[in-house]
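Accompanying notes for the structure given below.
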């Protein structure tokens with residue numbers, strides 16, 4: 001069953017934990033289902049008292065285990081996609097977190113026959129986040145094994161751009177095919193423009209942009225939408241609206257940064273636009289910068305300390321996305337629609353990790369190979385060469401919250 005989130009509570013106190021979680025998610029879930037024996041019922045009719053194992057899902061459909069938060073589209077042992085999975089086998093329940101950690105998997109373990117597991121930090125208090133590409137079963141976590149495949153020969157820059165173009169095209173196709181109308185969180189920059197163009201070749205697309213008056217996004221999104229020939233829906237942010245948004249925000253555990261707050265406001269407003277426009281799915285461009293050298297700090301590190309230092313910084317930032325960024329952005333959108341991250345694709349990430357730094361930062365141009373791939377796919381040159389500016393600044397949300 002595809003869900004927007006799931007939890008399994010086991011052992012002493014399981015019913016009360018499930019009921020508390022149910023009350024918390026009712027605020028943003030379309031439908032809450034509860035299972036006391038493997039068969040899901042409407043939350044209001046389920047009677048979990050006295051049970052020692054209670055599952056909860058807020059869902060897009062019905063069925064039994066396994067529950068999949070996100071989507072999976074490959075080998076059953078480790079599907080390629082964006083997912084957290086909860087299932088049962090002869091040894092009891094198990095969970096799997098996807099290869100890049102776009103969905104969370106939180107665990108509380110209290111003895112061999114108890115414990116709780118959830119795909120959303122808002123469902124499980126005090127849980128520990130397990131790393132990406134990890135399975136949890138029998139009270140312990142283990143890293144999933146993945147085949148290395150054939151060693152890839154070194155490609156020329158032009159060959160690499162063509163290969164990347166094919167990978168991006170395929171990643172978007174898997175994430176939007178059969179989804180009906182799809183939204184794109186749109187800034188008018190390279191990353192979101194490329195996703196929008198590729199998605200529009202497969203179905204109806206609506207561009208959704210939330211920004212402050214006078215921001216860079218106010219002018220850029222309109223120009224970019226015209227170049228792409230796509231419908232643009234916008235929401236104006238002001239001090240009052242961002243404060244109200246943050247009052248409702250449920251950011252991941254840990255100290256929230258100004259960036260967390262600003263991005264929550266931008267993506268929650270964008271996903272609300274998507275929902276009002278009839279889209280069930282919204283695409284976000286996260287991880288393109290971390291994989292392909294989009295931030296200025298990578299160019300500085302490469303210049304001052306060498307390519308290896310820049311690569312270490314980028315790997316650390318990819319991990320940080322799994323530790324917080326994906327969880328924050330998915331939660332910000334989940335009240336309105338399902339989020340998918342086409343650049344956070346196992347094939348794209350694996351390919352990017354094998355590229356030399358001078359394919360990513362080339363002659364002073366950041367994300368060079370991704371820009372070349374975008375041109376290969378037919379993105380207008382003006383958009384393929386659009387300069388990078390982080391969403392919290394280009395939208396003006398950071399300024400409204402007191403940032404620079």
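Bear in mind that the values in this text are calculations on the coordinates, not laboratory data. Given the structure is predicted, the values throughout are model-derived calculations rather than measurements. Note that we place each Cβ from the backbone using ideal geometry, even for glycine, and neighbour counts take in every protein chain shown.
Subtracting the Cα-Cα distance from 0.36 nm times the residue separation, let me have the gained length for residue 304 to residue 202 in nm, one decimal.
Extra length from residue 304 to residue 202 when fully extended: 32.4 nm.
Can you pull the one-decimal nm distance between simple spin-label points at residue 156 and residue 143, each 7 Å off the Cα toward Cβ?
3.7 nm
State, to one decimal in nm, how far the label point of residue 181 lies from the label point of residue 247, with both points 7 Å from Cα in the Cβ direction.
3.0 nm
State, to one decimal in nm, how far the label point of residue 235 lies from the label point of residue 255, with both points 7 Å from Cα in the Cβ direction.
2.9 nm
Which whole-number percentage describes the relative contact order of segment 157-400, with Cα contacts under 8 Å and a sequence gap of 6 or more? Can you show the working numbers first?
Details: 408 pairs, mean separation 75.9, N = 244.
Taking the mean separation of contacting Cα pairs over the length of segment 157-400, I get 31 percent.
What is the distance in Å between the Cα centres of segment 371-404 and segment 316-360?
16 Å
Measure out, as a whole number of angstrom, how far apart the alpha-carbon centroids of segment 249-279 and segment 175-244 sit.
15 Å
Roughly what percent of Cα-Cα pairs across segment 178-298 reach past 19 Å?
Values: 3645 of 7260 pairs.
The answer is 50 percent, as a whole percent.
If packing is taken as the mean number of other Cβ atoms within 10 Å per residue, what is the order of 124-135, 5-16, highest first?
By packing density, highest mean first, the sequence is 5-16, 124-135.
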